[in-house]
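The structure under discussion appears below in the form of structure tokens.
The values are calculated or read from the model by the stated rules, or taken from the named source; none is laboratory data. Treat the numbers as computed from the prediction; the structure is a model and nothing was measured. No Cβ is skipped: glycine too gets one built from the backbone with ideal geometry, and neighbour counts run over all protein chains shown.
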Amino acid sequence: MDQFILWTVLGAPLLGVFLILLGAPARLLALLATGSALLAGLALFVVTSGGSRGIVDAWKTTWVQMPLVGRVDFGFDVDGVSMPLVLLSVLVAFVAVLFTRCEKPREAEFFVLLLLTSLGATAAFASVDVISMFVFHEVALIPTFILIGRYGHGFSRASVALRMTVYLVLGSLIGLVGLIGLLQLMPPDVRTSNFSALQEYIQADVGLQNVPFWIFSTLFLGFGVLFGLFPFYSWAPNGYASAPAGVAMIHAGVLKNFGVFILLKLIGGVIPLAYLEGVQETILPLLSVLAGCNILILGLAALRQERLDLMLGYLSLMHMGYLVLGILADTGTSQTAVVMLMFGHGLATAALFGYADRLRKFSANLRLDELEGTGVKEHSLIFVFGLALMASLGLPGLAPFAGEISLLMGSFAKMPILTAVAVVGILISAIVLLRAFRKIFQLGGGLVRSELSVSATYSQPEIGFRLGSLILSAALVLWGILPNTLLKPASETVENQIRVLNAGVGRNLDLAKQGGSLAKALVEDKSK
Amino acid sequence: MNWWNVQEFWWLVIGSFILLLDVFLSEKKGIIPLGMISLGLMIAALVGLFLPGYQGLAFEGSYESNQITLFFKAICVAAGIASTWMAIRENASKSDPVRESVSLSWFVIAGMGLMASARDFLLLFVAIELVTISFYVLVSLRRKEAISLEAGLKYLITGGLSTAFLVFGIALIYGSSGHLLYADVVSSIAHSGKKLLENPVFISGTFMVLAGISFKASLIPFHWWAPDVYQGAPHSATAFLSVGSKTAGFAALVMLLGPGGPLSFMTVSFGTFLSWIAVSSILFGSLGGLAQRDLSRLIGYSGVANAGFILLALCGGGEDALNAALFYIFVYGISLLLLMLLIGHLSVQTGKIQFGFSEIAGLANVNPTLGWVCALSVASLAGIPPMAGFWAKWFALSSAWAAGYQLQTVIAVIGAVISVVYYLGIVRNVFFEAASDVFSGGVRVGMPLGYRFCVSLLLALTLVAGFTPNLFVKLTTVFQ
């Protein structure tokens, strides 16, 4: 049963892609595919009780087997950390399709690419193997490039798309170097990138003290580019501003979290900060400064933006600073909070990008001064936009709140300064969002602007938009009221990882005391 | 083993037969009958490589046929098929068709096959000359175009220089070791203890041989000819050069540097040096390509970068490194052949000899399928998953890393990122720009049926190798 549900989550979009390529009506098929993936995703969430128990007999097979690179597994499973992200991915994908339309001749191409992008994200989160995760994430690369450059907004969209893609390739390849370094630590006969096996070998055989700190740094900086770690963020705001609404939703809400996700998996499970020699003194202070810059500088940058789409882009980057804080703090609570925050902020960010697109008919590039007071012409937006906005700034009762509060509580003991910065960041984001809300929905009252937008008077939103905003708002409220359905499994997974880790490290230290660890002996044996 | 078991012998016979046919067939008949006969025979030659046949040493150990040489030969013959086909189409509608390329292709593939199979420095030299001299003609076949003649002249001069290096190097190796057979050189290295490896004459000889072959593989610092020649040559010759000649060059290099080869000590003693050669090729090819606007020229630069990756993989030394390099050569070959077939086809249909960024602009608007073929082949060359190119780059980087060349791996990665800029530049022009003038006026860009089959086959291979790389990791085992 589990297997069937899991394969529906991944298979439905793929089937949709094939059927659209064979000539089936594109938007309808995309809706059906992402809709069934969403239903399957919800079912998976219920069946696995939020991911706290994985898939029964999860199927996997060997993808690549070569002594040089070891064994790469192809297979999918969920746990408390990946389940929320899979859920987020299928949720946002469905709403993104609901929110987007595309003119006839290229409709098929557009929806195929959109489906591939979201499928790549889902498969990456559900993968059991680090290299497979990486590969699935990259599947979205060319589709987003073409979606933004060909279907996006603004004159410079081609160069924006190019810059974004080059940045993402840069980040992933630097991350890949880190992964290669990590895999090469293992002797060839046991080398594998399967996540749980990797965890076991690195802890038991290689020994954490043998993981050089620069492997950690390369991984962090490389995957950091993928989520816009300061100062490698400049691709994101323009990229999201130029992207079609659906793409901005999927990328900013879901795909951008991949960098954090893989770091959380690696640092939480394979190379924990606390045991790496040299990291505490060298790279950790630097990374916390960078995270602080993400929060403060990009927050202030958001404050200065004159366009709504750029402003949302900067805000979504600012939230990444919180996630870095959670990873660096390296406690069970903070790591759990990161999972919850990725889910909550992902939803809110996707929702805001989706709603902002509705305002494009008043101002093509969403200039805030041109949008002044236009919101009243879009009655339907006021409530849902306000809700997503309140969620984004962490109002209790909405999805991101639980993550935010447990992040601050979990991190304060270890990183007091950065936590204080994060609190200031919340204030900044409140100012940014509330100012924008006031300008769009409250100032002017429509009287001032009535002559400007004769052609764009209030129109009843179409059914797709209503359904989509209902789903997003319901999700924000639902997981705001019941955060424990996500927090508990996530916390269980994280705590379990920490327990396994400590046991592994303890065993390794014992071995070391007995005169050299198993792996050291193995490695030395090999080198002879 | 008898002489009739040697494929190259038959290829030379067929080449001569086609040359005769060329002389006796009337000019008025054009290129099509001759070309089609040759094409059919060449496809048969490719199929023949996959049939069970003799494997082992022959001719007193100067020739060897094994799975690896068959693998190289298969890629070279595939490039020959593509090149012949492109040449037929380039000349089909001309009033004065150039038919020489049809028979020359046979001599080229025979030479390439011998390059892979040579186990004797003299045979290697003769094979390389057979390839190079035929290419002098193939490159400058558009004899009424200044740019083609310029390309031919450049290839002649640099080719002559490389020959000089090679033959001098062989002389020095012979002079110091007293042997020409690979196996004898290996055993004399072993018998001399460390003496031979400390002999400056022998070492200079090996470096000169390496230099001579680096010309063929367009590795730094012997890469200068590649962009100019690729740009000036007819597309059929460019495809042959960029896929076939490079594969053959690496075939020779693999036999020399690979496990058991006479120069295999270099991956140990001079491994760092080789890895820096590889890395500078990657950087040069990536940076130099940024400024290019002509597709053939760009492929020249990208070829330098990719040659660097293959050498980087080889630097690892040993069986794993060899497998990584073979996989890379295979993936690079099929992806590039795909792109070259597309460019050659478009160039013929639009009548534009020089095909650049501004000509290919808006292809996806004119014909979405061709646009996607272009995007996927370029994505594979750029090494973006899930295309096969990603696995190739990953294996190559892992091989270099495992051998301890960490810094070089990092620089190679930076080179790969830089090259992504121009690869995506092609996709950008194909997808985001308005259709260029060359497609106006009712130009048909749809492919003829056979061509379409060929392109689909290559595309399928690229995708299958991307999705199930495990099937291709031990590529050479398909040959019996």
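Of all the residues in region B:284-326, those that are buried (at least 24 other Cβ atoms within 10 Å of the Cβ), out of contact with any His (no Cβ under 9 Å at 6 or more places or on another chain) and of a type outside the set (Ser, Thr, Tyr) number 19.
Among the residues of region B:22-50, count how many are among the aliphatic types (A, V, I, L, M), in a helix (DSSP H, G or I) and in contact (Cβ under 8 Å) with a residue 40 or more places away in the chain.
Initial filter on region B:22-50 (among the aliphatic types (A, V, I, L, M)): B:23, B:25, B:31-32, B:34, B:36-37, B:39, B:41-47, B:49.
Of the ones still in play, those that are also in a helix (DSSP H, G or I) are B:23, B:32, B:34, B:36-37, B:39, B:41-47, B:49.
Restricting the remaining residues to those that are in contact (Cβ under 8 Å) with a residue 40 or more places away in the chain gives B:32, B:34, B:36, B:39, B:42, B:45, B:49.
Number satisfying all stated conditions: 7.
Would you please name the residue that is farthest from residue A:64 (Cα to Cα), looking only at residues in region A:180-201 that are away from every other protein chain (no Cβ under 14 Å) and surrounded by fewer than 20 Cβ atoms within 10 Å (Cβ to Cβ)? Applying the filter and picking the extreme gives A:200. Of all residues in region B:449-462, those that are in contact (Cβ under 8 Å) with a residue 40 or more places away in the chain and either within 13 Å of chain A (Cβ to nearest Cβ) or among the hydrophobic types (A, V, I, L, M, F, W, C) (or both) total 5. When residue B:446 is tested against the conditions (1) closer than 30 Å to residue B:280 by Cβ; (2) away from chain A (no Cβ under 11 Å), the lone failure is (1). With respect to the conditions (1) among the hydrophobic types (A, V, I, L, M, F, W, C); (2) part of a helix (DSSP H, G or I); (3) within 14 Å of chain B (Cβ to nearest Cβ), residue A:19 falls short on a single one, namely (3).
Screening the candidates B:3, B:85 for the property of being modelled with pLDDT of 90 or more and aromatic (Phe, Trp, Tyr) yields one hit, B:85.
The single condition from (1) hydrophobic (A, V, I, L, M, F, W, C); (2) farther than 30 Å from residue B:402 by Cα; (3) more than 10 Å from every other protein chain (Cβ to nearest Cβ) that residue A:124 fails is (2). Scanning region A:147-168 for residues that are crowded, with 24+ Cβ neighbours inside 10 Å, within 9 Å of chain B (Cβ to nearest Cβ) and aliphatic (A, V, I, L, M) turns up just one, A:161. Do we find a residue being within 14 Å of chain A (Cβ to nearest Cβ) and assigned to a loop (DSSP other than H, G, I, E, B) anywhere in region B:277-292? Checked against the condition, which is being within 14 Å of chain A (Cβ to nearest Cβ) and assigned to a loop (DSSP other than H, G, I, E, B), region B:277-292 yields no hits at all. The numbered conditions (1) at pLDDT below 90; (2) over 21 Å from residue B:389 (Cα atoms) are all true for residue B:344 except (1). Taken over region B:360-401, the criterion of being small (Gly, Ala, Ser), surrounded by fewer than 24 Cβ atoms within 10 Å (Cβ to Cβ) and at pLDDT below 90 is satisfied by B:361, B:362. Of everything in region A:221-257, what is in a loop (DSSP other than H, G, I, E, B), under 25 Å from residue A:468 (Cβ atoms) and either of a type in the set (S, T, N, Q) or more than 13 Å from the chain's Cα centre (by Cα) (or both)? Give them in sequence order. Passing the criteria: A:243, A:244. Highlighted here are the helices (runs of 4 or more DSSP H) found entirely within region A:73-145 that include at least 2 residues which are under 22 Å from residue A:348 (Cβ atoms): A:82-99, A:107-126. Taken across region A:500-510, residues that are at pLDDT 80 or above and not in a loop (DSSP other than H, G, I, E, B) do not occur at all. Against the definition (more than 10 Å from chain A (Cβ to nearest Cβ), over 21 Å from the mean Cα position of the chain (by Cα) and at positive phi), how does residue B:441 come out, yes or no? So residue B:441 passes the test. Each residue in region B:387-397 was checked for being in a helix (DSSP H, G or I), farther than 15 Å from residue B:470 by Cβ and facing another protein chain (nearest Cβ under 9 Å), and 2 of them qualify. Listed by first and then second residue, the pairs linking a residue in region B:429-446 that is closer than 20 Å to residue B:378 by Cα to a residue that is at pLDDT 85 or above and among the basic types (Lys, Arg), with Cβ atoms under 9 Å apart and 6 or more places separating them unless they lie on different chains, are B:431/A:150; B:432/A:150; B:432/A:157; B:446/B:452.
A search for C-beta distances below 6 Å between a residue of region B:315-332 that is more than 11 Å from chain A (Cβ to nearest Cβ) and under 15 Å from residue B:69 (Cα atoms) and any residue that is at pLDDT below 90 and surrounded by fewer than 24 Cβ atoms within 10 Å (Cβ to Cβ), counting only pairs 6+ apart in sequence or on different chains, returns B:326/B:475; B:330/B:475. The lone criterion from (1) surrounded by 20 or more Cβ atoms within 10 Å (Cβ to Cβ); (2) modelled with pLDDT of 90 or more left unmet by residue A:272 is number (2). Only one entry of B:384, B:418, B:411 meets the criterion of being outside any helix (DSSP H, G or I) and either without any contact (Cβ under 8 Å) to a residue 60 or more places away in the chain or within 11 Å of chain A (Cβ to nearest Cβ) (or both), and that entry is B:384. Out of A:53, A:27, one residue alone is on the phi < 0 side of the Ramachandran plot, free of Cβ contacts under 8 Å to residues at least 40 places away in the same chain and basic (Lys, Arg). It is A:53.
Would you be able to say whether some residue in region B:51-73 is part of a helix (DSSP H, G or I), among the aromatic types (Phe, Trp, Tyr) and closer than 26 Å to residue B:235 by Cα? There is at least one residue in region B:51-73 that is part of a helix (DSSP H, G or I), among the aromatic types (Phe, Trp, Tyr) and closer than 26 Å to residue B:235 by Cα.
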